[in-house]
Amino acid sequence: MIISFLKYINSLPFSLTIKHYQTFGKTAHLLKDNELNSMESWDALRITHPQFSISKNREEWLLACDAQVKKDGQDGGLLQRAHDVSKLLKEKKLNSIFSVGVGGAGLEYQIKKNSPEVKIVCSEFAPENVSLLKNVFIEADEIIRFDLLRGDWAEIKQKYLSESSVCLMYRVDASFSDSQWREIFLNLHKTKIKNIIFIPSSFLTLRS
């Protein structure tokens, strides 16, 4: 019955897209155009917002990576997620990761901790985010700036994504609209990037 109901909802001739809103308190006035779709806005969050900020101090950053300090995407389930990804990499014989929109890179750090032999390249949209991570995530093989929506995926594939590599997308789903996600996956398809791990922020249910 529930499955039939969900199929009916998905077949309706109008959109049921739910807009994603967040409140940023005192940091809100620093966001460009009061929106979170620019490098300037993300850099403002990474520098000033208590939940989204990336510490310049490695010891403080490690506490967040171990989920001992509450940060964006680094909750109590972080260690298990990293374990699951590491297990999948081993099962599929994948030896490198290109991770997009890493934020504080807590998941990537834990994967590297579990599987030090795996090459991990982290990418972020905002330049200050990249700079902060380079200072603390010294285990990463490389940290670069990359625009998930408008970046050159052909260049990324050539440099970082072989047949034994995987593109990791962790908690970036809320950052783009449905049409933008279609464009992103179309670009991935055009450049023949096949191995993708997609981990959403959360699942929408009838209750939520």
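Here are a few things to note about the model shown:
- The radius of gyration of the Cα set in the range 43-199, together with its Dmax, comes out at 14.8, 41 angstrom.
- Nearest-20 debye value, the range 67-162 charge dipole, Cβ charges on Lys, Arg, Asp, Glu: 280
- A simple packing score, the average count of other Cβ atoms within 10 Å per residue, orders the peptides 152-161, 104-113, 193-202 as 104-113, 152-161, 193-202, with the highest score first.
- Of Lys56/Lys190; Lys90/Lys157; Lys56/Lys119, pairs whose Cα-Cα distance is over 31 Å: Lys56/Lys190
- Shown in residue order for the range 168-180 are the 3J(HN,Hα) couplings computed by the Karplus curve 6.51 cos²θ - 1.76 cosθ + 1.60 at θ = phi - 60°: 9, 10, 10, 6, 10, 4, 6, 7, 9, 7, 4, 5, 5 Hz (x for Gly and Pro).
- Remark on Asn195: its backbone amide H falls under 5 Å from those of Cys167, a criterion applied only to residues 5 or more positions apart or on other chains, H modelled at 1.01 Å from N.
- Cα gyration tensor shape of the range 91-158, rounded if a/c is under 1.5, else prolate or oblate by comparing a/b with b/c: oblate
- Most to least packed among 56-65, 122-131, 75-84, 167-176 [average Cβ atoms within 10 Å]: 122-131, 167-176, 56-65, 75-84
- If R0 is 35 Å, the Cβ-Cβ spacing of Glu59 and Ser164 corresponds to a FRET efficiency of close to 0.55.
- Euclidean distance of C-alpha centroids, the range 178-193 and the range 126-167, integer Å: 17
Throughout, read-outs are computed from the coordinates displayed, never taken from laboratory work. From a predicted model like this one, the values you see are computed outputs, not experimental measurements. Don't worry about glycine lacking a Cβ; one is built from the backbone with ideal geometry, like all the others, and counts go over all protein chains shown.
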